[in-house]
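Chemist: I'd like to ask some things about the structure below.
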Amino acid sequence: MKKLISTTILLGALAFSSCNKYLDVTPQAQTTKDQIFSTEKGFRDALTGAYIQMKSNNTYGGSLMWGNIEFMARNWDVVSVSNVGLNSLVNANYTDATVRSWLDNTYADLYKVVASVNSILERIDAQKGIFTGNNYSLIKGEALALRAFNHFDVLRMYGPMPDNPGQGPLLPYVKEVTHEIITPVGYNEFAQNILSDLDAAEALMKDTDPIRTYSLAELNPPTNINTPPVVADNFYMYRQIRLNYYAVLALKARVYMYLSTTDPSNKINAAKYAQMVVDARDHFGAPTFRLGKESDRVSGDYLMSSEHIASLSVYNLDAIANGTFGELGSLARSDFNVQDGFYFLNNLFPVAERTSDVRWKEMWVYRANNPSYVIYRKFNQRASGPVLQVPLLRLSEMYLILTECATGKEDAEAAYGAYCNEKGIPFPTGFNTAGWEADRRNKIIREYVRELYAEGQTFFTYKRLNVTTLPASWTAAYYTGTVARYVVPKPDREINYHNN
């Protein structure tokens, strides 16, 4: 597999200007990196480069957002029967050459981000004296959070079933920039490394992240006003498109929720961190984040950006949405008209419930050129004030975690009811009195699908809960969840975790 190479803006600027100047270019990558990391700006640019890498088509700019991972969960149907690769992917034939290439590229690109942030982390402490303000804490904290975030999705994708992880070495947790092969570690050690990085990131950003000092409105001023920003340095602005302090807490909640499969006591921490995010307030006393609701949908904010805890900025998202989900796009959900207009979607959004559901209204429409398929409009943008970002962590997930972690029916209903009230989901009588835990589980699974459709979370939810079957009408072909589907093989050949 190709070596992992950083793609930061600064490194790109070092390209040769002519063949005659070859000898003028520093021959050693080490020296080049020393030059880059000799200034605060160099560290900032390197961190920006890592976020740019996360928008790779192989990861959160495609495959791990609305692409391959959603086919693996059967959220999309293969429009073309002649597409051997996609048909193999939806059937969990991970040995197909095309599928193998896709999955290997995702694995490699996740570790490319790790390599880039490791380049930052191996130098930042020695250079602490060059930083101004809170930049040392923010840059190091975000780098640690990025390392944890990408490693966690390596674990969720290529790791074992969380309810039976085994004891042997599985995957490498990479903390250094090296040409050497990193020895894989076991499930528990890998998970503890994730949490250790997140603990360190939380400590660094707790008292330094501007998101805890200012409101998001103050940190995201409209471009058409002349009022000076509340922070003098624009590096401190737009914190919701970075892995900020609250994103670290939300990711900890997600990780602990995943680990609770083998150790239910982890639900205590999952609920603790989810509640911290839900309870977050700005200096005006208003919630830092709020659940998306009907007024957002009416305004054309189908992404419900008010609940984005962390996201990636994608300047051409509307063009991507039109080309990917539109009339001629490759992503579509099979459906056909029945008495009230839909078949598959009737089960995901039952007729009796959906009239007020903001995830349903105007979000699904039939293709004009092929009415056997429906188009999903979540990523389509309004002309005025577009939301050019894709969510990595949402407030809605925190409510679902609180619902799932509640030990009693009343507490579970309180968390789920608050979520339903904002989303327009009828929940008048609570969970079923008989076997309420089973009713909660079924609702939780469906909510992860409905709420986070095309955001790459369905497959991981099914894997975490070891979902074997769904109602047959949820999918055009009957869904079967197996270990063979959920445990994606890592590349046959190991990779080098360096960055030059």
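Chemist: Residues of the range 191-220 being of a type in the set (A, V, I, L, M, F, W, C), over 24 Å from residue 153 (Cα atoms) and in contact (Cβ under 8 Å) with a residue 60 or more places away in the chain, which ones?
Modeler: 211, 216
Chemist: Would you confirm whether or not the range 293-300 contains a residue that is under 19 Å from residue 389 (Cβ atoms) and in contact with a helix residue (DSSP H, G or I) (Cβ under 7 Å, 6 or more places away or on another chain)?
Modeler: Yes, the conditions are met somewhere in the range 293-300.
Chemist: So, in the range 107-153, how many residues would count as being without any contact (Cβ under 8 Å) to a residue 60 or more places away in the chain, surrounded by fewer than 24 Cβ atoms within 10 Å (Cβ to Cβ) and within 18 Å of residue 56 (Cβ to Cβ)?
Modeler: Summing the residues that are without any contact (Cβ under 8 Å) to a residue 60 or more places away in the chain, surrounded by fewer than 24 Cβ atoms within 10 Å (Cβ to Cβ) and within 18 Å of residue 56 (Cβ to Cβ) in the range 107-153 gives 1.
Chemist: Only one of 368, 332 is closer than 30 Å to residue 82 by Cα, hydrophobic (A, V, I, L, M, F, W, C) and buried (at least 17 other Cβ atoms within 10 Å of the Cβ); which?
Modeler: Within the list 368, 332, the selection yields 332.
Chemist: When the range 277-286 is examined, which residues are found to be outside any loop (DSSP other than H, G, I, E, B) and surrounded by fewer than 16 Cβ atoms within 10 Å (Cβ to Cβ)?
Modeler: 281, the sole residue that qualifies.
Chemist: Could you list, in sequence order, all residues of the range 427-438 that are exposed (fewer than 14 other Cβ atoms within 10 Å of the Cβ) and not aliphatic (A, V, I, L, M)?
Modeler: Answer for the range 427-438, where residues must be exposed (fewer than 14 other Cβ atoms within 10 Å of the Cβ) and not aliphatic (A, V, I, L, M): 428, 429, 433, 435, 437.
Chemist: Across the range 93-139, what is the number of residues that are among the charged types (D, E, K, R), part of a helix (DSSP H, G or I) and over 16 Å from residue 49 (Cβ atoms)?
Modeler: 3
Chemist: What are the residues in the range 323-369 that are in a loop (DSSP other than H, G, I, E, B) and among the small types (Gly, Ala, Ser), if any?
Modeler: Listed by number, the residues that qualify are 326, 329, 330, 341, 352, 368.
Chemist: When you scan the range 287-315, how many residues do you find that are farther than 20 Å from residue 248 by Cβ, surrounded by 19 or more Cβ atoms within 10 Å (Cβ to Cβ) and among the acidic types (Asp, Glu)?
Modeler: Looking only at that region, the number is 1.
Chemist: Continuing with the same structure: Can you name every residue in the range 271-284 that is out of contact with any strand residue (DSSP E or B) (no Cβ under 9 Å at 6 or more places or on another chain) and either under 25 Å from residue 303 (Cβ atoms) or without any contact (Cβ under 8 Å) to a residue 40 or more places away in the chain (or both)?
Modeler: 272, 273, 274, 275, 276, 282, 284
Chemist: Another question, then. Give me the residue from the range 337-364 that is of a type in the set (Val, Ile, Thr) and under 24 Å from residue 422 (Cβ atoms) and, out of that set, modelled with the highest pLDDT.
Modeler: Selected residue: 358.
Chemist: Working only within the range 85-106, note down all residues that are under 17 Å from residue 58 (Cβ atoms) and of a type in the set (Val, Ile, Thr).
Modeler: Listed by number, the residues that qualify are 98, 99, 106.
Chemist: Ok, one more. Which ones in the range 390-415 are over 17 Å from residue 290 (Cα atoms), open to solvent by 10 Å² or more (accessible area, probe 1.4 Å) and not in a loop (DSSP other than H, G, I, E, B)?
Modeler: 404, 405, 409, 410, 411, 413
Chemist: Hey, among the residues in the range 221-245 that are in contact with an Asp or Glu (Cβ under 8 Å, 6 or more places away or on another chain) and touching a residue at least 60 places away in the same chain (Cβ under 8 Å), which one's farthest from residue 146 (Cα to Cα)?
Modeler: Only one residue tops the list, namely 245.
Chemist: Same structure, new question: Of the numbered conditions (1) open to solvent by 20 Å² or more (accessible area, probe 1.4 Å); (2) part of a helix (DSSP H, G or I), residue 261 satisfies every one except a single condition; which is it?
Modeler: Unmet condition: (2).
Chemist: Going by the conditions given, is residue 203 part of a loop (DSSP other than H, G, I, E, B), surrounded by fewer than 17 Cβ atoms within 10 Å (Cβ to Cβ), out of contact with any Cys (no Cβ under 8 Å at 6 or more places or on another chain) and hydrophobic (A, V, I, L, M, F, W, C)?
Modeler: It is false that residue 203 is part of a loop (DSSP other than H, G, I, E, B), surrounded by fewer than 17 Cβ atoms within 10 Å (Cβ to Cβ), out of contact with any Cys (no Cβ under 8 Å at 6 or more places or on another chain) and hydrophobic (A, V, I, L, M, F, W, C).
Chemist: From 252, 272, grab the single residue that is under 30 Å from residue 186 (Cα atoms), open to solvent by 20 Å² or more (accessible area, probe 1.4 Å), basic (Lys, Arg) and not in a loop (DSSP other than H, G, I, E, B).
Modeler: Of 252, 272, the one residue that is under 30 Å from residue 186 (Cα atoms), open to solvent by 20 Å² or more (accessible area, probe 1.4 Å), basic (Lys, Arg) and not in a loop (DSSP other than H, G, I, E, B) is 272.
Chemist: Right, another one. Quick one: is residue 441 closer than 24 Å to residue 408 by Cα, out of contact with any Ser or Thr (no Cβ under 9 Å at 6 or more places or on another chain) and not in a loop (DSSP other than H, G, I, E, B)?
Modeler: yes
Chemist: A further question on this structure: Just need a number here: residues in the range 37-61 that are small (Gly, Ala, Ser), under 17 Å from residue 125 (Cβ atoms) and open to solvent by 20 Å² or more (accessible area, probe 1.4 Å).
Modeler: Of the residues in the range 37-61, 1 are small (Gly, Ala, Ser), under 17 Å from residue 125 (Cβ atoms) and open to solvent by 20 Å² or more (accessible area, probe 1.4 Å).
Chemist: In the range 262-288, how many are touching a Leu at 6+ places or on another chain (Cβ under 8 Å) and either modelled with pLDDT under 95 or farther than 18 Å from residue 419 by Cα (or both)?
Modeler: Result for the range 262-288: 2.
Chemist: Mind checking which residues of the range 316-329 are open to solvent by less than 40 Å² (accessible area, probe 1.4 Å) and closer than 17 Å to residue 392 by Cβ?
Modeler: Selection gives 317 alone.
Chemist: A further question follows. Considering only the range 223-248, state which residues are under 16 Å from residue 389 (Cβ atoms) and either open to solvent by 70 Å² or more (accessible area, probe 1.4 Å) or in a helix (DSSP H, G or I) (or both).
Modeler: Listed by number, the residues that qualify are 223, 238, 239, 240, 241, 246, 247.
Chemist: Residue by residue through the range 293-330, note down the ones that are under 20 Å from the mean Cα position of the chain (by Cα), over 30 Å from residue 372 (Cβ atoms) and not aromatic (Phe, Trp, Tyr).
Modeler: 305, 306, 307, 308, 309, 310, 311, 312, 313
Chemist: What number goes with the only condition from (1) within 23 Å of the chain's Cα centre (by Cα); (2) closer than 28 Å to residue 241 by Cβ; (3) surrounded by fewer than 18 Cβ atoms within 10 Å (Cβ to Cβ) that residue 418 does not pass?
Modeler: With (1) within 23 Å of the chain's Cα centre (by Cα); (2) closer than 28 Å to residue 241 by Cβ; (3) surrounded by fewer than 18 Cβ atoms within 10 Å (Cβ to Cβ) applied to residue 418, the lone miss is (1).
The values are calculated or read from the model by the stated rules, or taken from the named source; none is laboratory data. What you are looking at is a predicted structure, and each value in this text was computed from that prediction instead of being measured. Every residue, glycine as well, gets a Cβ built from its backbone with ideal geometry; the counts of neighbours run over all protein chains shown. Quick note on the areas: whole protein, heavy atoms, side chains included, nothing else; ligands and nucleic acids left out. Shrake-Rupley method; radii C 1.70, N 1.55, O 1.52, S 1.80 Å.
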